[in-house]
Amino acid sequence: MTILLVILDQFTKYLATIHLKDQESFVIIKEVFSLHYLENIGAAFGLFKNQRLFFIISTVMIVSVILWFFIKMPKVRRYHPMIVSMIFVVAGALGNFIDRVRVGYVIDFFYFELINFPIFNVADCYIVVSLFILAFLFLFYYKEEELAFFSLPKEKKE
């Protein structure tokens, strides 16, 4: 599933490059939503511009932590929402990682003009929506004891 999500993200970025690069914005809803090509050398809201190595290292760390969670997580139906959400986070991280390694920037193209929201892409959608779902799951769906597998072993008292 992760591979398919990454392929979808990369395909949309390819389409954005061939149809939007060096072109005027493609208006979907006037003064509300358009497709606008942007080569993003930073993160959301323009943070960490030109910090390619930082993004590469942090992506490897994030994906590694999520893989550790997968290994530790009980393989029961109750945890499927968490698993699916984590798959989307990994797919989003890898989609933007591929851009940074391949071309040195992330290709963004969705733009909500109405609120002047930063331009973003499909991978960003995967990450943001999944993190909101994960936050909801941790806060309201899972009980504390159901998440005990995430904790490190406690030291034994002698």
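Laboratory data are not the source of any read-out in this text; all were calculated from the coordinates shown. These figures come from a predicted structure and were not determined experimentally. Note: ideal-geometry Cβ built from the backbone for every residue, glycine included; neighbour counts use all protein chains shown.
Some notes on this structure:
- Here is how the number arises for the chain: DSSP H runs of 4 or more residues each give -39500 (n - 2.57), the sum is divided by the residue count, and the result at 222 nm is -17000 deg cm²/dmol.
- With neighbours defined as other Cβ atoms within 10 Å of a residue's Cβ, the residues Y126, Y141 order from fewest to most as Y141, Y126.
- For the chain, the longest principal axis of the alpha carbon atoms and the long axis of helix 122-136 meet at an angle near 30°.
- Pair-distance profile P(r), taking every C-alpha pair of the range 1-153, with 5 angstrom steps and integer %: 2, 9, 16, 19, 18, 14, 10, 7, 4, 2, 0, 0
- The chain: most fluctuating residue of L38, L147, L131 per GNM, C-alpha cutoff 10 Å: L147
- Near V60: Cβ cut-off under 14 Å, other residues only, Lys/Arg at +1 and Asp/Glu at -1. The net charge is +2.
- Helix 2-20 and the longest principal axis of the Cα set of the chain meet at an angle near 20°.
- Annotation: the residues R77, R102, sorted from fewest to most other C-beta atoms within 10 Å of their own C-beta, follow the order R77, R102.
- Summing Lys and Arg as +1 and Asp and Glu as -1 over all other residues whose Cβ lies under 13 Å from the Cβ of C125 gives a net charge of -2.
- Crossing angle, helix 80-102 versus the chain [Cα axis fit, 0-90 degrees, rounded to tens]: 50 degrees
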